[in-house]
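Down below is the structure, laid out as structure tokens.
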Amino acid sequence: MNWLWFIPVLLVMVIIHEFGHFITARMFGMKVHEFGIGFPPKIWSKKTKDGMEWSINALPIGGFVRIEGENGDSDDPNSFGKKPTWQRAIVLCAGPFMNLVLAFAIYLILAGGGKDVPAGPVAISKVEPGSPAATAGLLAGDIILKVNSTEVNNTRDVSIETRLNRSQPIVFTLKRGNQIVSTTIKGRTNPPDGEGTIGVQMGYVFDSLRLAIDAPAYDLKAGDVLTMIDGKPLATNLDLLNYTRDVDKSTVEATVQRVTNGKTETLTRTLAVKLYVNYVYTESDASRQKLPVDAQIIALNDQKVNTATEYIKIMTANQGQDVKISYIDPKSKAEKAITIIANYTDTSGVNNRSPRPSTIIDGLPISQMRHVPLNPLEWVGEAWGQTTYAIGLIPRSFEGVFNGSIGLESFAGPVGMAQITDQIVDTGGFMAMISLMALLSVNLGIVNILPLPALDGGRLIFVLIEMVSRRRVPPDKEGMVHLVGMVALLSLMLVFTWNDIARLITGAGFS
């Protein structure tokens, strides 16, 4: 039921938007008839001494401000249409501006808790066979320095750049050993599920394998440094990842160094190897039965499994047959089971594939991120950077639509946004939802100020025409333009909603 969080998220964004219109209209002496939260039917209202009405309405999916003469059809000297053009322009811009203020305020609050920064540069951890990355010669261990002209600071940079340019040649600048390598990759507009535009998995590479928190089950402490696994020295976390990926036994011997009162001691611990769900393919048996990502797989057909190697052997041997997956739910910690038709050897891009496994060595909480506290001045810089970054994504997204990198199926209507909210809250909790609200608020503000009929930006265009020509477009003609625009926007919203519902029925995700 996490999707219900979308309702207060939407309400807050719309109320803040409408408050911008309201406060500036009142400031300029415009007659405001009503400030409504939600849409009718009305369930509560109260009028002030000057006749303005505050109302709460039954449909909690928005809000509105009713200003006298919004459409230029009033002779009241305090109506919207009778006020100077510069005042009307400010009122129209105030709504979108308040959405940007809301986003900045959210990012500012989030920055107050510090920020997580990568422990090292972005590196490729796996290249999918037959993918564009494999064809271009990318290798596991390559460090990604740039994608096109964008310097890469985190995995998000790579994901967004490839996503927005997947119909275009993409230039990667890589560090391979001591060499700088440049290669051009042609992305995929419809990649296989779980592989992404170019077919790589990424992480951060670093050489200090320091435990982030205690692991009391193994008498390991935060700050202990992992140096070897089964006697093999580990230079970076990629060495650990590669060893873990291929391990085929239930326990490993870990060697760590611990510094106590200036003295270094070497400790050896026997750690359990566990198997987890790394990815669940859309439209698959596992997806339909809601197998959660990060669930610990404990058995296949009642045969205990600990590693991805064992998992692959059993799934491959039972290709096309029923396989019972026993797992521990990551939330309830209860043991559960589902039965799927094994499909591990067919990698032709079909979505009905067996879940992708991941082997984890228990007791090694090594984080790829490190937390950095920020001072108040840095809060402002971080909030400003996040807000402007979100603003910049919007014109780039439109560019992606025009160059064929982004299709209409990638856009979401209200149903889709509720679905996204559900996923965000489920995986990231309340703080992730707040961050999503900031991003959505930026989008609401910028899209509303676009010069499209029926939106604030479309109305602003008519005010600017009047400002320049000193002649007002007849209200009936302006109204007709906005009516046509509203019909077009509602039609587009219906298309998005239809796609949203189709995704819910099929279990597909956003491409």
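The values are calculated or read from the model by the stated rules, or taken from the named source; none is laboratory data. All values derive from a computational prediction rather than experimental measurement. Neighbour counts run over all protein chains shown; Cβ positions are idealised from the backbone, glycine included. Side chains are part of the model used for accessible areas, which takes the heavy atoms of the whole protein and leaves out ligands, DNA and RNA. Shrake-Rupley method; radii C 1.70, N 1.55, O 1.52, S 1.80 Å.
Pick out the one residue from Pro40, Pro118 that is touching a residue at least 60 places away in the same chain (Cβ under 8 Å) and of a type outside the set (A, V, I, L, M).
Values: Pro40 fails: touching a residue at least 60 places away in the same chain (Cβ under 8 Å).
None of the others qualify; the one that does is Pro118.
Taken over segment 131-149, residues that are open to solvent by 50 Å² or more (accessible area, probe 1.4 Å) and of a type in the set (Gly, Ala, Ser) amount to 2.
Within segment 66-75, does at least one residue satisfy the condition of being of a type in the set (A, V, I, L, M) and closer than 19 Å to Ser441 by Cβ? Checked against the condition, which is being of a type in the set (A, V, I, L, M) and closer than 19 Å to Ser441 by Cβ, segment 66-75 yields no hits at all. If you go through segment 425-450 and keep only what is surrounded by 17 or more Cβ atoms within 10 Å (Cβ to Cβ) and more than 22 Å from Gly385 (Cα to Cα), you end up with just Val425. Does Asp476 satisfy the criteria of being open to solvent by 50 Å² or more (accessible area, probe 1.4 Å), more than 14 Å from the chain's Cα centre (by Cα) and among the acidic types (Asp, Glu)? Yes. Just one residue in the set Arg156, Arg163 is open to solvent by 30 Å² or more (accessible area, probe 1.4 Å), among the basic types (Lys, Arg) and either free of Cβ contacts under 8 Å to residues at least 60 places away in the same chain or in a strand (DSSP E or B) (or both); that residue is Arg156. Taken over segment 176-220, the criterion of being open to solvent by less than 60 Å² (accessible area, probe 1.4 Å), part of a loop (DSSP other than H, G, I, E, B) and hydroxyl-bearing (Ser, Thr, Tyr) is satisfied by Thr197, Ser208.
With the checklist (1) at pLDDT 90 or above; (2) under 23 Å from Ala454 (Cα atoms) in hand, flag the one item Ile43 doesn't pass. Answer for Ile43: the failing condition is (2). Beta carbons closer than 6 Å, at least 6 apart along the sequence or on distinct chains, pair a first residue in segment 394-412 that is closer than 16 Å to Arg188 by Cα with a second that is in a helix (DSSP H, G or I) for Gly400/Leu164; Ser405/Leu164; Ile406/Gly400; Glu409/Asn499. Tell me which residues, restricted to segment 54-73, are loosely packed, with under 15 Cβ neighbours inside 10 Å and among the acidic types (Asp, Glu). The answer is Asp73, and nothing else.
Checking each residue of segment 380-403 against the condition of being farther than 16 Å from Pro8 by Cα, surrounded by 15 or more Cβ atoms within 10 Å (Cβ to Cβ), aromatic (Phe, Trp, Tyr) and touching a Phe, Trp or Tyr at 6+ places or on another chain (Cβ under 9 Å) gives no match. Considering segment 92-130 alone, what residues qualify as being more than 30 Å from Ile16 (Cα to Cα), out of contact with any Leu (no Cβ under 9 Å at 6 or more places or on another chain) and open to solvent by less than 50 Å² (accessible area, probe 1.4 Å)? Across segment 92-130, the qualifying residues are Val117, Pro118, Ala119, Gly120, Glu128.
In segment 307-419, counting only strands (runs of 3 or more DSSP E) that sit wholly within it, none holds 2 or more residues that are within 19 Å of the chain's Cα centre (by Cα) and basic (Lys, Arg). Of the set (1) open to solvent by 70 Å² or more (accessible area, probe 1.4 Å); (2) in a strand (DSSP E or B); (3) touching a residue at least 60 places away in the same chain (Cβ under 8 Å); (4) not polar (S, T, N, Q), all apply to Val259 but (3).
A count restricted to segment 276-306 and to residues that are open to solvent by less than 10 Å² (accessible area, probe 1.4 Å) and in a helix (DSSP H, G or I) stands at 1. Residues in segment 389-405 include none that are among the charged types (D, E, K, R), closer than 21 Å to Gly62 by Cα and in contact with a helix residue (DSSP H, G or I) (Cβ under 9 Å, 6 or more places away or on another chain). Pro414 falls short on exactly one of the conditions (1) open to solvent by less than 40 Å² (accessible area, probe 1.4 Å); (2) within 18 Å of Trp498 (Cβ to Cβ), and that condition is (1). Can Gly51 be described as open to solvent by less than 50 Å² (accessible area, probe 1.4 Å), within 21 Å of Leu100 (Cα to Cα), small (Gly, Ala, Ser) and out of contact with any Ser or Thr (no Cβ under 6 Å at 6 or more places or on another chain)? Criteria not met by Gly51. Selection of segment 222-246 for residues being part of a loop (DSSP other than H, G, I, E, B), surrounded by 15 or more Cβ atoms within 10 Å (Cβ to Cβ) and out of contact with any strand residue (DSSP E or B) (no Cβ under 7 Å at 6 or more places or on another chain) yields only Thr236. Considering only residues in segment 13-35 that are assigned to a helix (DSSP H, G or I) and without any contact (Cβ under 8 Å) to a residue 40 or more places away in the chain, the one that is surrounded by the fewest Cβ atoms within 10 Å (Cβ to Cβ) turns out to be Met27. If you go through segment 325-350 and keep only what is open to solvent by 40 Å² or more (accessible area, probe 1.4 Å), modelled with pLDDT under 95 and among the polar types (S, T, N, Q), you end up with Ser332, Thr345, Thr347, Ser348.
A Cβ distance below 7 Å, combined with a sequence gap of six or more or placement on separate chains, defines the contacts here; from segment 414-425, residues that are farther than 19 Å from Asp294 by Cα reach residues that are assigned to a helix (DSSP H, G or I) and hydroxyl-bearing (Ser, Thr, Tyr) in the pairs Pro414/Thr497; Val415/Thr497. For segment 191-220, what are the residues that are over 33 Å from the mean Cα position of the chain (by Cα) and either closer than 27 Å to Leu139 by Cβ or among the charged types (D, E, K, R) (or both)? Answer for segment 191-220, where residues must be over 33 Å from the mean Cα position of the chain (by Cα) and either closer than 27 Å to Leu139 by Cβ or among the charged types (D, E, K, R) (or both): just Asp219.
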